[in-house]
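Here's the structure, in structure tokens; my notes come after.
The values are calculated or read from the model by the stated rules, or taken from the named source; none is laboratory data. Just so we're clear, the structure is a prediction, and the values are computed from it rather than from any experiment. Backbone-built Cβ (ideal geometry, glycine too); neighbour counts: all protein chains shown. SASA here: full protein model, heavy atoms, side chains in, ligands and nucleic acids out. Shrake-Rupley method; radii C 1.70, N 1.55, O 1.52, S 1.80 Å.
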Amino acid sequence: MTVRATWQGGGEGWSILVHGGAGFIPPERREAHAEGCRLAARAGALVLAAGGSALDAAQAAVELLEDDPRYNAGTGGSLDEHGELRLDASLMDGATLAAGAVCALPPFFHPIAVARAALRDGRHVLYAAEGAARFARLAGFEPAPPDRMITDAARARLEATRQGQDGNWAGGTVGAVARDLAGHVAAATSTGGTVGKRHGRVGDSPILGAGTYADDLAGAASGTGEGEGYLRLAACLRACLALQQGREPLDAAVETIRMLRERVNASGGIILVAPDGRLALARSTEAMSWGACWGSLDQLTGGC
Ligand code: GLY
């Protein structure tokens, strides 16, 4: 079975769908992961309901998840082979195709905000490693003390991986897709990457087309899963192109997840928003937390 679960919702007006990562989440922790995603969707929904942009909404949702140590992004993100936090994030504005991204960023509390600063600055799209840290400082962000962002749970995951008890799993990557009242779409994704990754490894999350994509003519997508597969398939771009060719959002999500399994043997999940605001998700993993809201703040849902 390549696709284990799907969901669709949304519709006319504003909408937002958030994920807290595809992977294995112990059954007793799933409701807490879903609740964090519902809160993040609500944070984005407050922006959208007030007439804010899809880009601001996606960023607001992802920042909340970066602060939450349960997810593999920002605080609590996965550690590399040296026990260091190196963070990847990107976001894209479907209205203008403007984008910003950082990869292998040393500890900063909100990598997605640094990516947003890169988008705003406009000179370059993607900054890496020490250059990303330098850009962040120039943009006014303070580096974070590593011990404020590295959690005991992340250290334990690294130790388990070193002892061969766990795969190189990147579960817990976070992301959001949104459509605003003006009809624009946006996507944002943030991650610590795979546990015990080689120093310098960059996954799909900061790479446009692979882990994040947005185009008003097509829709927006954010991926979570085995990043090397998403990179090789340009998975989020493929999903958006399927939407542009008229596929139903749910079909586009399912087909992308199936293609990841069949073509590059990768598992994970994807969230999509179509230009008309319809939302969809599909996953091939045992679990994937998510939250969604559309049209009214009462219309808040989620699961795992
Ligand atoms: N999908 C996140 C990563 O592989 O880094």
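Observations on the structure shown:
- Residue in region 56-87 that is least open to solvent (accessible area, probe 1.4 Å), counting only those that are closer than 11 Å to residue 174 by Cβ and among the charged types (D, E, K, R): 66
- Filter result (modelled with pLDDT under 90, hydrophobic (A, V, I, L, M, F, W, C) and open to solvent by less than 30 Å² (accessible area, probe 1.4 Å)) within region 2-27: 5, 25
- Cβ-Cβ distances below 6 Å connect the following pairs, each with a first residue in region 214-241 that is touching a residue at least 24 places away in the same chain (Cβ under 8 Å), a second residue that is of a type in the set (Phe, Trp, Tyr) and open to solvent by 10 Å² or more (accessible area, probe 1.4 Å), and a separation of six or more residues or different chains: 221/213; 236/213; 237/213; 240/213.
- Counting only residues that are more than 12 Å from residue 270 (Cα to Cα), more than 15 Å from the ligand (Cβ to nearest atom) and open to solvent by 10 Å² or more (accessible area, probe 1.4 Å), region 204-250 holds 11 of them.
- Within region 192-204, the set of residues being farther than 16 Å from residue 127 by Cβ and not small (Gly, Ala, Ser) comprises 194, 195, 197, 198, 199, 201, 204.
- Strands (runs of 3 or more DSSP E) fully within region 126-194 that include at least 2 residues being more than 16 Å from the ligand (Cβ to nearest atom): 174-179, 185-191.
- Of residues in region 251-277 being in a helix (DSSP H, G or I) and within 13 Å of the ligand (Cβ to nearest atom), the one surrounded by the most Cβ atoms within 10 Å (Cβ to Cβ): 260
- Meets criteria (out of contact with any strand residue (DSSP E or B) (no Cβ under 8 Å at 6 or more places or on another chain) and within 15 Å of residue 23 (Cα to Cα)) for residue 194: yes
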